[in-house]
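Below is one structure; the comments refer to it alone.
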Amino acid sequence: MDLAQLKTTLAQEKPPHGLAAALAALWWDAKGDWTRAHEWAQRQEDAAGAWVHAYLHRKEGDLENARYWYRRAGKAEATTSLAREWEAIAKALVAGE
């Protein structure tokens, strides 16, 4: 699956079967369900899950918590718009980075 395909699945009621938890978290976030997105981010206990977790807390406005998760992910704190960050994370995750 590439980023364009991921975006087309947003018209569905549920994320595609077999989607990694971090990508499912981004999927739910794009659908406007922050709570479900956060739940899915917590399911993936690796750098990808931490990166999505950081993004979600930044979006929430909890910057201290977001900084913690950026450190866990090994990523610099984002300074771009939330939309650009979502896109960058999704692109990296579908590419397997």
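Here are the numbers for the structure shown:
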{"read-out": "Unmet criterion (only one of (1) assigned to a helix (DSSP H, G or I); (2) crowded, with 21+ Cβ neighbours inside 10 Å) for PRO15", "value": "(1)"}
{"read-out": "Residues being within 18 Å of ASP33 (Cβ to Cβ) and touching a helix residue (DSSP H, G or I) at 6+ places or on another chain (Cβ under 6 Å) - total across the range 55-84", "value": "6"}
{"read-out": "Single residue of HIS53, HIS38 found to be in a helix (DSSP H, G or I), within 14 Å of ILE89 (Cα to Cα) and out of contact with any His (no Cβ under 7 Å at 6 or more places or on another chain)", "value": "HIS53"}
{"read-out": "Sole residue being out of contact with any Leu (no Cβ under 9 Å at 6 or more places or on another chain), on the phi < 0 side of the Ramachandran plot, of a type outside the set (S, T, N, Q) and surrounded by fewer than 19 Cβ atoms within 10 Å (Cβ to Cβ), chosen from ALA92, ALA50", "value": "ALA92"}
{"read-out": "Tabulated pairs, the range 17-29, first over 15 Å from ASP46 (Cα atoms), second charged (D, E, K, R) and outside any helix (DSSP H, G or I), C-beta under 6 angstrom, 6+ apart or interchain", "value": "none"}
{"read-out": "Checklist (1) surrounded by 18 or more Cβ atoms within 10 Å (Cβ to Cβ); (2) part of a loop (DSSP other than H, G, I, E, B) applied to GLU77, failing item", "value": "(1)"}
{"read-out": "Number of positions in the range 32-46 that are among the polar types (S, T, N, Q) and crowded, with 17+ Cβ neighbours inside 10 Å", "value": "1"}
{"read-out": "Odd one out for ASP29 among (1) crowded, with 18+ Cβ neighbours inside 10 Å; (2) among the acidic types (Asp, Glu); (3) not in a helix (DSSP H, G or I)", "value": "(3)"}
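Laboratory data are not the source of any read-out in this text; all were calculated from the coordinates shown. None of the values given here were measured: they were computed from a predicted structure. Positions of Cβ are generated from backbone atoms using ideal geometry, with glycine treated the same way; all protein chains shown enter the neighbour counts.
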